Amino acid sequence: MQNSYLLLALISMCCYGLGDLVFKFAARKGIPSHRFLILQTVFFLPSALFLGWITDSLHFGMPYIFGMCAGVTLYFALLYFSISLSTGDVSVVAPVFRSSFVLSGILALLFLNESLSLNKIFAFALLVVAAFLLLSNLSFRSNQVAEIKTDKSYFRSLTIATVLLGITGFIYKLGAIAGGNSISIVTGQATVFFTLAYSASYYKDKKIIFLWKYLYLGFAASLFLFLALYFLLEALKSGPATTVVTISQMGFVVTAILGIFIFKEKISLRKVLGLVCSIVAMVLLAA
């Protein structure tokens, strides 16, 4: 089917949005970010290995190596994302975090010589405006030094997470065009992610603390992220990164809307305008 990568990117977008929502549930329950990440690896790595085994599609070549590189950047991206969610609204944090596609697109344009159409230019401009509108919802809660430092720390964590996710999206494209299959990239990422998650948790707590009662959240997060990544990589095989990564990372539209209804987050004019700009940008990219 012509332009089938658009449908795959949209499915990936929905899965990413639901995955971000699970992260917010975990943050609201007070689960430390490093402990929540190890809950995901329990399902993510075994699922990737099992799927690669039964389909005989797991190969240790360049795509696998690119997957390992993505595992490093994604781990720290999700770690800082979890930290920022502990103090921020998911309807603000998720859109800014997923705006990482701007960096992914710029890298693809610079190093992969992808085309830049008028639609893409307008779409990127709208998404920058959307990020600005959503960031404008961040405000200092008081003039006390301690709380100002908290806000600065929150913004720093969110910035680091966003930049790392943008680099991850570009690495996915490199892996997709390296001639391998999606499972090899996913497994390479899962292997490194698993190692980092458990090593960091042991370093911080001096032991592995496994929160069994929150295992269901780890399963939900890993399921949505696994599906999101798989469909993203499939779309990248035939679609340009500037379009595919951008659409897939717009899962924040799903997250922001659900965050308003589920968590009763405040609706402001800036937030609504930011989401509208995001949706219009998606339409331009799919046109």
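Explain nothing, just the number: relative contact order of the chain, from Cα pairs under 8 Å at least 6 residues apart, as a whole percent.
Working: 457 pairs, mean separation 125.6, N = 287.
Reported as a whole number, the value is 44 percent.
List the chymotrypsin sites (Phe, Trp or Tyr not before Pro) in the range 179-244 that DSSP assigns to loop (not H, G, I, E or B) and whose Cβ has at most 16 other Cβ atoms within 10 Å. Which are they? Don't skip to the answer; put the middle values down first.
Details: sites: PHE193, PHE194, TYR198, TYR202, TYR203, PHE210, TRP212, TYR214, TYR216, PHE219, PHE224, PHE226, TYR230, PHE231; in loops: PHE210.
Within the range 179-244, the qualifying chymotrypsin sites (Phe, Trp or Tyr not before Pro) (loop, at most 16 other Cβ atoms within 10 Å) are PHE210.
Provide the per-residue ³J(HN,Hα) series for the range 265-274, in order, calculated from phi with Karplus coefficients 6.51, -1.76, 1.60 and θ = phi - 60°, each as a whole number of Hz, with x at glycine and proline positions.
The phi angles translate into 5, 5, 9, 10, 4, 4, 5, 5, 4, x Hz.
Quick one: order VAL96, VAL192 by neighbouring beta-carbon count within 10 Å, fewest to most. Before the final figure, lay out each step's value.
Numbers: VAL96 25, VAL192 19.
Going from least to most buried by this count: VAL192, VAL96.
Could you list, in their original order, any pairs among LYS120/LYS266; LYS24/LYS271; LYS120/LYS271; LYS173/LYS271; LYS120/LYS173; LYS24/LYS173 whose Cα atoms are separated by more than 21 Å? Let's see the in-between values first.
On the way: LYS120/LYS266 31 Å; LYS24/LYS271 18 Å; LYS120/LYS271 23 Å; LYS173/LYS271 31 Å; LYS120/LYS173 18 Å; LYS24/LYS173 28 Å.
Correct reply: LYS120/LYS266; LYS120/LYS271; LYS173/LYS271; LYS24/LYS173.
Report which label in (i) 33.5; (ii) 19.0; (iii) 20.4 holds the value of Kirkwood radius over Cα pairs in Å derived from the coordinates of this structure.
(ii)
Just so you know, all these numbers are worked out from the coordinates, no wet-lab data involved. Remember, it's a predicted structure, so these values are computed and weren't measured experimentally. Here Cβ is always computed from backbone atoms with ideal geometry, including for glycine, and neighbour counts include all displayed protein chains.
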